[in-house]
Each structure stands twice: as C-alpha cells, then as structure tokens.
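Enquirer: Sending over a structure as structure tokens; questions will come in a sec.
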C-alpha cells in the first residue's frame, strides 16, 4: 500500500512544479500509514495525496499547484462528496477561534475548527450559537457546506448562523462574501465544496443560555399524528427516535431553555409518553455514558444541544447514514409512508431520528424557502443491503419532493435533484464563475450537480 502523503509533499505528485519552501517537508517514511478513510470507515478516499495547510497562504499555494483538488474536513460524510482522484486539502490545522466581536455579536473562526472545540470559549464570553448538530465533533465549514442541522421548529440549519465566508478560488484568489453585501452569499455558504476551499467563517452570536434535557419513552403514534406541531414545538429543540417496528415512537428528546433561577420539575407524562428515569442512549440497549446530560439537569447550551459529548466517541460502532427532507406540512404523511416498509427496514436499521428545521434562503439547502422535517436513518454497515433499501424509502417519500442530505447516502437521480432545486442553474453559473476549469469538481459534483460523465 502506498504511504499517504501530506502537505509538505513532493510536487511530483501534483503538477511537476516544485513546492515552495513554505510547503516543503517530507513525512517520516519509517512508519506506514493506512489508507485514508472517512469517520465511519465505510469509505476509502481515492487518493493519498493530502495537504494539511496551517495558514491562508499555504492554502493558496497548495491550490495553485493542483490540477484537481477537494477540501476535506472532519470526514463525517458517508458518500464521496469530498473525495478526489488526485489531491485533497485537509482543513484540520485551520482550527482556531480568531476573534469574538461583542459589538457586532459575531465570532470568526477558521474553517476546520470543530464546534465542540470553540463553543465553550464563546460561552465564557457570554455568547452562544443559536443551534448545534447532534455531534459537536464536526467542522464548521463542512457542516455549513452540506446544510447540516440540529432540531427546532424555529431553528434553521447551521449555515443560517453564517454572516460571512472566506474561501480561496481555483487561481488562489481570496474571496469574502457577506450576508449584507453580496448576492452570491446564499449560493456560496451551502456550497458543497464546489467554489473553492473555505478558510474562514463568521458566525452570528446570541446571548448565552442554559438548556435542560428531558427524555420521554414510548410516545403513541396516534398522539404524534394528532399533535405533531405541538410535540415538535414543545421545546427549543425536539428530536424523535424511532425503530419503525411498533406503534410507539421509542424516545422523545426535549431540550428546553432554563430561565435563571427557575427550574420546574418535568411532567411525568408527555402526550402519552412517560418520563425516563435515567439517562438513555438513542438506542436504548446501549450505554448513555457518551450522551449529554439528561434528567432535566440544567447546563450550558453547548453541552445540551448536541446529543453526544465532545470527549466521547458518539457512535455505537461502524455505521452508515442516510437522511431525507420533506416539507413540514407533509411530516405525518411521510412518516406513515415509511412505516409501510418496516419489514424492509428492520434488518438494516440501528435507529431513526426525526427532526424539524426552519426554512432558509440558501440555494442548495434542502430547506430552501421550506420549513422541513428530516427523517434520518442510522444503518448497519451492510452497503449492499442499504443500497437496495434506500430506493424503496426514496420512492415512498417521492410524492413529497424529498431531498437528501448532501453528505449522506442516497440514490435519488440527478434529474430528480435538478427538478427539486429551483436554484440549481444559478448554482452551476456561480461555480463556473469561480472555477471555470473545474478544479474543484469531482465525480460526485459532476453527477449530481452538472450531470456529466467525469
């Protein structure tokens, strides 16, 4: 097996021109390195040529010397959206909080920083980000580029916190776009890595707040059908966990803001579900050790909005993930449609999570101008079986103009994607303007955005 090469490799692997001294450093050849895989281990990247720049200037230099390249974050994607046959630029060394601006109520961070790394710093300064995903281990740029989200009827995906974005284009030019001043902003933030390598992001801040987390077990499906909006609006963030095998939702995770000095005991019942008497994992049989604190214990927003602690591995093991977005008004119809597949789903499912996400204005967001419900499947690592299952799920959800999560597994055809993204043409034009020769394109983009053979 070839050794993986990092930034600071010989230029013979790229364009034939010598790297500058800034980028010159040869890895230790005495220790073999395994092929680079994604977080879950289901995907091996197609190249071992991986740059690891530590500055904007190093990103510019690396991009200039590559004919083809893709940016790589924390490798939490389950498909090949971040893959390249030639070169990768990892942002893991671009991992600093740069500045908190109390007057503007913003924080500027480097693209590769993980949410769980810098959130305590902004909390200690008296601020918060409006919402977080289930995992605090993901990078800011990667999460925003794929419209990754948490839950809450009034909470948009993580990209909605972005006030400005900086990225390096194919010719090494630094471009900065802001929400206030640049019409292209809404095409660039959920950019699928297609415009360039993001190096810096500015996020909106709100005042810090505390959250409590209460879990309820066995919510009757009839109650969900009759009271969906009330249930999903009953907390700042509400998530449902379901195995599709019974007439009850397995768990309801209700995260509520705690007013200073006011702590009201949780009700013992919630729409027919009963209050859990201990901390639980979304998969009830597993230990809750790596889950964030429950049982109504108040804590800072950054330690309650995610489901899993930063210091623990969040997964129960190897897994695959798929996720589908439908308009919120069709949530119950969509859930009912999927329940007809319970026998097909059972052999492959670990757990499903159902969440709400507010509408946004990002061209390539699954929630573009559409309040949505996301139906997320955590699946066993049986790729053949999962690939046979997903078209069945997608067919059931097709009447609701279903859209997939860009970083997870799906089989929806490019023609269907095009019909469901009204701004696809504008996005293609934006890519062509910033990357006319296709330096940042890969098989995934060619298939799902440009629909051309690569």
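The values are calculated or read from the model by the stated rules, or taken from the named source; none is laboratory data. Here the structure is a predicted model, which is why all the values come from computation and not from measurement. In this analysis, Cβ positions are derived from the backbone assuming ideal geometry, glycine residues included, and neighbour counts consider all displayed protein chains.
Enquirer: Considering only the range 232-265, how many residues are closer than 26 Å to residue 358 by Cα and in contact with a strand residue (DSSP E or B) (Cβ under 7 Å, 6 or more places away or on another chain)?
Expert: The total comes to 23.
Results for (1) out of contact with any strand residue (DSSP E or B) (no Cβ under 6 Å at 6 or more places or on another chain); (2) crowded, with 19+ Cβ neighbours inside 10 Å; (3) modelled with pLDDT of 95 or more; (4) not assigned by TED's automatic domain parsing to the domain that holds residue 243, shown as yes or no for each residue.
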site: 159; (1), (2), (3), (4): yes, yes, yes, yes
site: 190; (1), (2), (3), (4): yes, yes, yes, yes
site: 218; (1), (2), (3), (4): no, no, yes, no
site: 223; (1), (2), (3), (4): yes, no, yes, no
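Enquirer: Looking only at the range 397-451, count every residue that is under 21 Å from residue 325 (Cα atoms) and part of a loop (DSSP other than H, G, I, E, B) and tell me the total.
Expert: Residues meeting the conditions: 15.
Enquirer: Could you tell me whether residue 334 is modelled with pLDDT of 95 or more, in the same structural domain as residue 408 (by TED's automatic domain parsing) and more than 16 Å from the chain's Cα centre (by Cα)?
Expert: So residue 334 passes the test.
Enquirer: Residue 79 - would you say it is part of a loop (DSSP other than H, G, I, E, B), farther than 23 Å from residue 170 by Cα and either in contact with a strand residue (DSSP E or B) (Cβ under 9 Å, 6 or more places away or on another chain) or not assigned by TED's automatic domain parsing to the domain that holds residue 155 (or both)?
Expert: Yes; evaluated as a whole, the condition is true for this residue.
Enquirer: So, one more: Any chance the range 139-147 includes a residue that's surrounded by fewer than 21 Cβ atoms within 10 Å (Cβ to Cβ) and modelled with pLDDT of 95 or more?
Expert: No, the range 139-147 contains no residue that is surrounded by fewer than 21 Cβ atoms within 10 Å (Cβ to Cβ) and modelled with pLDDT of 95 or more.
Enquirer: Something else now. Here is a list of conditions, (1) surrounded by fewer than 21 Cβ atoms within 10 Å (Cβ to Cβ); (2) assigned by TED's automatic domain parsing to the domain that holds residue 136; (3) outside any loop (DSSP other than H, G, I, E, B), and residue 61 meets all of them except one; can you say which number that is?
Expert: That leaves (2) as the condition not met.
Enquirer: Within the range 363-386, which residues are assigned to a helix (DSSP H, G or I) and either touching a residue at least 12 places away in the same chain (Cβ under 8 Å) or touching a strand residue (DSSP E or B) at 6+ places or on another chain (Cβ under 6 Å) (or both)?
Expert: Within the range 363-386, 383, 385, 386 meet the criteria.
Enquirer: Which numbered condition in (1) part of a helix (DSSP H, G or I); (2) out of contact with any helix residue (DSSP H, G or I) (no Cβ under 7 Å at 6 or more places or on another chain); (3) not assigned by TED's automatic domain parsing to the domain that holds residue 251 is the only one that residue 343 fails?
Expert: Answer for residue 343: the failing condition is (3).
Enquirer: Here's something else I'd like to know. Taking into account only those residues within the range 308-331 that are assigned to a loop (DSSP other than H, G, I, E, B) and touching a strand residue (DSSP E or B) at 6+ places or on another chain (Cβ under 6 Å), which is modelled with the lowest pLDDT?
Expert: The selected residue is 314.
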